[in-house]
Amino acid sequence: MKDLFDIRDQVAVLTGAAGILCSEMAEALAEAGAKVALLDLNEQKAQEIAERINGRGGTALAVPVDVLDKSSLEEARDRVISEFQQVDILINGAGGNKKEATADDERSFFDIPPEAIQWVFNLNFIGTVLATQVFGKLMADQGSGVVINISSMAALTPLTRTVSYSAAKAAVSNFTQWMAVHFNHEYSPNIRVNAIAPGFFLTEQNTFLLIDEATGGHTPRGKSIIDNTPMKRYGTPDELIGAVIWLASDGAKFVNGAVIPIDGGFSAFSGV
Ligand SMILES: NC(=O)c1ccc[n+]([C@@H]2O[C@H](COP(=O)([O-])OP(=O)(O)OC[C@H]3O[C@@H](n4cnc5c(N)ncnc54)[C@H](O)[C@@H]3O)[C@@H](O)[C@H]2O)c1
């Protein structure tokens, strides 16, 4: 039993690693003994997190990357390989929404600029596909590996207002299944691709939708989320860790193409 979730000395690459959710994952993977490569557009923040992990006796490397630029991903891959020699785990964490791509009182659906729709779709979907091309090729060549994508509740049934984000995360879930099958059919039965679908976690990207700036209380949308989450609260980033370690390890050896909700019961509740 004690080896079931063992990921010691595995090399994990995380995109969006300087973000709220993925930095928490990176710290946990490092604490579990994995070597972690923190890839992010925000190099300085990734560096700070890497230093924190290294200062605690872990092994971390910060690497600047733009997940929308394949040559930037290839440069990052070369840095990771020269430092850690291999890649066992890829977490595609870079993603998010932005206000300009959200239908609200200031901007109706009809006025959302195409560039904003594209920005959100590209970051979540194309960024996941390109990183999987670059790091997944290493897995195909070595005949083993684990990919964990980050989907969302918005993928299961679309959330109001977030038109492009919902579409992009649905595409991420679909790609998770597609890639799981493709790796197994074409390259190796020992490569697994799964996703987690976090419920609602208060982070920089969604605070504007969930917390009323003036009062500090819930917006009507925030209240609706809490009302529809049977556990009656937002999640905290550390609550994703158990599933991530499980999916990364042999504990999930026969789990492939799955999208795991981590949502306090939100997706199980019909609202009635
Ligand atoms: N916060 C939530 O409630 C929630 C719920 C479901 C899913 N998610 C998803 O989880 C993931 C992480 O979310 P988070 O809340 O930690 O977000 P975050 O904004 O804290 O982190 C995202 C990170 O991605 C980086 N990034 C942005 N564009 C990039 C690019 N082009 N190349 C490389 N890095 C880039 C940012 O610098 C940032 O560090 C996202 O995919 C998000 O959509 C979040």
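Each reported figure results from applying straightforward, stated rules to the coordinates on display, with no laboratory input. Everything numeric here is computed off the predicted structure, so don't read it as measured data. As a convention, Cβ positions derive from the backbone with ideal geometry for all residues, glycine included, and neighbour counts pool all protein chains shown.
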(Q) With angles folded into 0 to 90 degrees, how steeply does helix 20-31 sit against the dominant principal axis of the chain? Use alpha carbons for both and round to 10. (A) 30 degrees
Q: Could you tell me how many degrees, from 0 to 90 and to the nearest 10, lie between the Cα long axis of helix 127-142 and the main elongation axis, the longest principal axis, of the Cα atoms of the chain?
A: 20 degrees
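Based only on the alpha carbon positions, what is the Kirkwood hydrodynamic radius of the chain, in angstrom? Write down the numbers at each step before the final one.
Numbers: mean 1/r = 0.0528 Å⁻¹.
Over the chain, the inverse of the mean reciprocal pair distance is 18.9 Å.
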Q: Treat the count of other C-beta atoms within 10 Å as a stand-in for reagent exposure and order Ile241, Ile225, Ile196 from fewest to most.
A: Ile241, Ile225, Ile196
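Going down the list Lys2/Lys223; Lys99/Lys253; Lys2/Lys232; Lys232/Lys253; Lys2/Lys35; Lys99/Lys137, which pairs span over 30 Å between their C-alpha atoms?
On the way: Lys2/Lys223 41 Å; Lys99/Lys253 39 Å; Lys2/Lys232 34 Å; Lys232/Lys253 33 Å; Lys2/Lys35 20 Å; Lys99/Lys137 35 Å.
From Lys2/Lys223; Lys99/Lys253; Lys2/Lys232; Lys232/Lys253; Lys2/Lys35; Lys99/Lys137, over 30 Å: Lys2/Lys223; Lys99/Lys253; Lys2/Lys232; Lys232/Lys253; Lys99/Lys137.
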Q: Report the label-to-label distance for Gln142 and Asp238 in nanometres (one decimal), using points 7 Å from each Cα along the Cα→Cβ vector.
A: 3.0 nm
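Highest mean first, how do 156-166, 208-218 rank when packing is the count of other Cβ atoms within 10 Å averaged over residues?
Per-residue mean Cβ counts within 10 Å order the peptides as 156-166, 208-218.
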Q. Angle, helix 43-55 long axis vs. longest principal axis of the chain, Cα atoms, 0 to 90°, nearest 10?
A. 60 degrees
Q | Antiparallel content of DSSP bridges confined to the chain, in %, to 5 | A | 5 percent
**Q.** Relative contact order (%) - criterion: Cα under 8 Å, at least six apart; region: the chain
**A.** 18 percent
